[in-house]
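Participant: One structure coming up, written as structure tokens, with questions to follow.
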Amino acid sequence: MAGVESQKETFRKYLESAGAVDVLVKVLVSLYEEPEKPKQALDYIKTALGAPTPQEFEAVVAERDGLKKQVADLQQRMAELEAKLAGQ
């Protein structure tokens, strides 16, 4: 059991030295001080830590998908033009 406690203490010190404890405390305090508590506390915490909102994430995914299609279209166009040049 002493080994487990030692590991816990080492991990706690690591979190403190990395600044993680301070950041988490600040986020939890801001949640506590919210006049209207959010329905999804975890979403609030994620957003406060810098994670994108679900809407932002979906927008990025949609943009990525559009860019993938654009790349595929341009690669196809490039192949067609290279074939055309090779045929001349």
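A short reminder: the numbers here are calculations on the coordinates, not readings from a lab. Remember, it's a predicted structure, so these values are computed and weren't measured experimentally. Cβ: placed from backbone, ideal geometry, glycine included. Neighbour counts: every protein chain shown.
Participant: Could you work out how far apart the two model spin labels at Gln55 and Glu82 are, taking each label as a point 7 Å from the Cα in the direction of the beta carbon, and quote it in nm?
Facilitator: 4.3
Participant: Sticking with this one: Along the charge dipole of the chain, which of Ala2, Gln75, Tyr32 sits closest to the positive end, that is, farthest toward it, with unit charges on the beta carbon of Lys, Arg, Asp and Glu (+1, +1, -1, -1)?
Facilitator: The Cα lying farthest towards the positive end belongs to Gln75.
Participant: If you don't mind, another one. Over the C-alpha atoms of the chain, what are the Rg and the largest Cα-to-Cα span, Dmax, in Å?
Facilitator: Rg then Dmax for the chain, in Å: 25.0, 79.
Participant: With n ≥ 4 as the cut-off for DSSP H runs, can you work out [θ] at 222 nm for the chain, using -39500 (n - 2.57) per run divided by the number of residues, rounded to the nearest 500?
Facilitator: On the way: 4 runs with 72 residues, N = 88.
Helix contribution divided over all residues of the chain: -27500 deg cm²/dmol.
Participant: At 0.36 nm per residue, and after removing the present C-alpha to C-alpha distance, how many nm does the segment from Glu16 to Ala48 gain when stretched out fully? Working shown, then result.
Facilitator: Working: separation 32, 0.36 × 32 = 11.52 nm, distance 1.89 nm.
Value of the extension gain: 9.6 nm.
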